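Structure record follows, encoded as structure tokens.
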Amino acid sequence: MIEIKGITKKYGEQYALNNINFTIREGEIVGLLGPNGAGKSTLMKILTCFIPPTSGDALILGHSILDDTLEIRRSIGYLPEHNPLYTEMYIREFLRFIAGIYNIPNAKQRVEEIIHITGLEPEANKKIAMLSKGYRQRVGLAQALIHEPKILILDEPTTGLDPNQIEEVRNLIRKVGKDRIVLLSTHIMQEVEAMCSRAIIIHHGNIVADESLDGIKPGQLTEQFHKLTL
Ligand code: ADP
Ligand code: MG
């Protein structure tokens, strides 16, 4: 479970997040939907302990982001917004390096497993610099999954991909999202409809809608989202 309790983040005088509260339970794939500047990345960086909140707290599987950083990093797989990768490394070399950071036993075997799961085999002998954006996202997902985290936090996982790559990465997220908690951000409504069981709309650092997608007529949420971003 992820329990977000009154998280506020100020940059100078600006509120990037203004008293955010929500809970995500096991089995949910939640889409955090909002236009640029809404506060999506800021919230994800706070949940993954990369930056502290100004006030408030969050419990990740019972551990506070304010004092259990190491435990939380172990239970979360995180794909940051611009998916920074060591482009001069070969895929296997990079993934073994990440496996080393997590002290994964049988790292060599786990790297081969994750290459298989994320469909990296055809490109597995290449340097990251040589890969298409779609394959780089797969490497980012492999990096996020290698330690078998219970929670996946994916910041705009399909932004900048072409339509085929988008479909492939969405399928991969659906596949690896089973039996996990997934929180993904996007500024595209269709992304949420395609992948998520619940949509949380964030605007100027405030939550303005939080709806289960079961039972919602296609388009209804889109209309709501459109009104906000006009
Ligand atoms: P999103 O990911 O939804 O596009 P962000 O969380 O990146 O939104 O940004 C939310 C707001 O906080 C924006 O107005 C952005 O300019 C501001 N912001 C983000 N990071 C910083 C920072 N390091 N310093 C100052 N302002 C920031
Ligand atoms: Mg962002």
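The values are calculated or read from the model by the stated rules, or taken from the named source; none is laboratory data. Note that the structure is a prediction, hence the values are computed from the model and not measured. Neighbour counts are summed over all protein chains in view; Cβ atoms, including those assigned to glycine, are modelled from backbone coordinates with ideal geometry.
Suppose the filter is surrounded by fewer than 19 Cβ atoms within 10 Å (Cβ to Cβ), modelled with pLDDT of 95 or more and either not small (Gly, Ala, Ser) or not in a strand (DSSP E or B) (or both); does Asp67 pass it?
Working: surrounded by fewer than 19 Cβ atoms within 10 Å (Cβ to Cβ): yes; modelled with pLDDT of 95 or more: no; either not small (Gly, Ala, Ser) or not in a strand (DSSP E or B) (or both): yes.
Judged against the criteria, Asp67 is not a match.
Which residue, of Gly215, Gly160, is within 16 Å of ligand 1 (Cβ to nearest atom), outside any helix (DSSP H, G or I) and either in contact with a Pro (Cβ under 7 Å, 6 or more places away or on another chain) or modelled with pLDDT under 90 (or both)?
Exactly one of Gly215, Gly160 is within 16 Å of ligand 1 (Cβ to nearest atom), outside any helix (DSSP H, G or I) and either in contact with a Pro (Cβ under 7 Å, 6 or more places away or on another chain) or modelled with pLDDT under 90 (or both), namely Gly160.
Given the criterion surrounded by 14 or more Cβ atoms within 10 Å (Cβ to Cβ) and of a type outside the set (Phe, Trp, Tyr), identify the matching residue among Arg25, Arg73.
Exactly one residue qualifies, and that residue is Arg73.
Just to be sure, is Ser197 farther than 25 Å from Tyr86 by Cα and out of contact with any helix residue (DSSP H, G or I) (no Cβ under 6 Å at 6 or more places or on another chain)?
Yes.
Within region 33-83, how many residues turn out to be among the aliphatic types (A, V, I, L, M), within 16 Å of ligand 2 (Cβ to nearest atom) and in contact with a helix residue (DSSP H, G or I) (Cβ under 6 Å, 6 or more places away or on another chain)?
3
State which residue pairs qualify: first residue touching a residue at least 40 places away in the same chain (Cβ under 8 Å) and on the phi > 0 side of the Ramachandran plot and inside region 70-90, second residue among the polar types (S, T, N, Q) and buried (at least 18 other Cβ atoms within 10 Å of the Cβ) in any location, beta carbons under 8 Å apart, and separation of 6 or more residues or different chains.
Asn83/Gln137
Search region 179-205 for residues that are under 16 Å from Leu47 (Cα atoms) and surrounded by 20 or more Cβ atoms within 10 Å (Cβ to Cβ) and pair each with any residue that is at pLDDT 90 or above and aromatic (Phe, Trp, Tyr) when their beta-carbon atoms are under 7 Å apart and the residues are at least 6 apart or on different chains.
Correct list of pairs: Ile200/Phe22; Gly205/Tyr15.
For the structure I just gave you, tell me whether Ile29 is in contact with an Asp or Glu (Cβ under 9 Å, 6 or more places away or on another chain) and away from ligand 2 (no atom under 16 Å from the Cβ).
Criteria not met by Ile29.
From the list Ala124, Ala144, Ala58, exactly one residue is modelled with pLDDT of 95 or more, among the small types (Gly, Ala, Ser) and away from ligand 1 (no atom under 16 Å from the Cβ). Which is it?
The unique qualifying residue is Ala144.
Of these, Gly140, Gly177, which one is in contact with a strand residue (DSSP E or B) (Cβ under 7 Å, 6 or more places away or on another chain) and closer than 14 Å to Gly31 by Cα?
Gly177
Pull up region 78-102, narrow it to residues that are closer than 21 Å to Arg180 by Cβ and surrounded by fewer than 16 Cβ atoms within 10 Å (Cβ to Cβ), then point me to the one that is nearest to ligand 1 (Cβ to nearest atom). Let's see the steps before the verdict.
Quick first cut of region 78-102, residues closer than 21 Å to Arg180 by Cβ only: 78-81, 83, 95, 98-99, 101-102.
So of that shortlist, the ones also surrounded by fewer than 16 Cβ atoms within 10 Å (Cβ to Cβ) come out as 81, 101-102.
Working: Glu81: 7, Ile101: 25, Tyr102: 26 Å.
Checked region 78-102; the qualifying residue nearest to ligand 1 (Cβ to nearest atom) is Glu81.
Within region 24-63, how many residues turn out to be assigned to a helix (DSSP H, G or I) and either acidic (Asp, Glu) or farther than 12 Å from Ile202 by Cα (or both)?
Residues in region 24-63 being assigned to a helix (DSSP H, G or I) and either acidic (Asp, Glu) or farther than 12 Å from Ile202 by Cα (or both): 4 in total.
Within region 84-104, is even one residue under 30 Å from Asn18 (Cβ atoms) and either outside any loop (DSSP other than H, G, I, E, B) or under 16 Å from the mean Cα position of the chain (by Cα) (or both)?
yes
Could you give me the residue pairs with C-beta distances under 9 Å whose first residue belongs to region 31-47 and is touching a residue at least 12 places away in the same chain (Cβ under 8 Å) and within 6 Å of ligand 1 (Cβ to nearest atom), whose second residue is assigned to a helix (DSSP H, G or I) and hydroxyl-bearing (Ser, Thr, Tyr) wherever it lies, and which are 6+ apart or on separate chains?
Qualifying pairs under 9 Å: Gly34/Thr229.
Check whether at least one residue in region 179-193 is of a type in the set (Ser, Thr, Tyr) and under 30 Å from Glu223 (Cα atoms), and report yes or no.
Yes, there is a match, as at least one residue in region 179-193 is of a type in the set (Ser, Thr, Tyr) and under 30 Å from Glu223 (Cα atoms).
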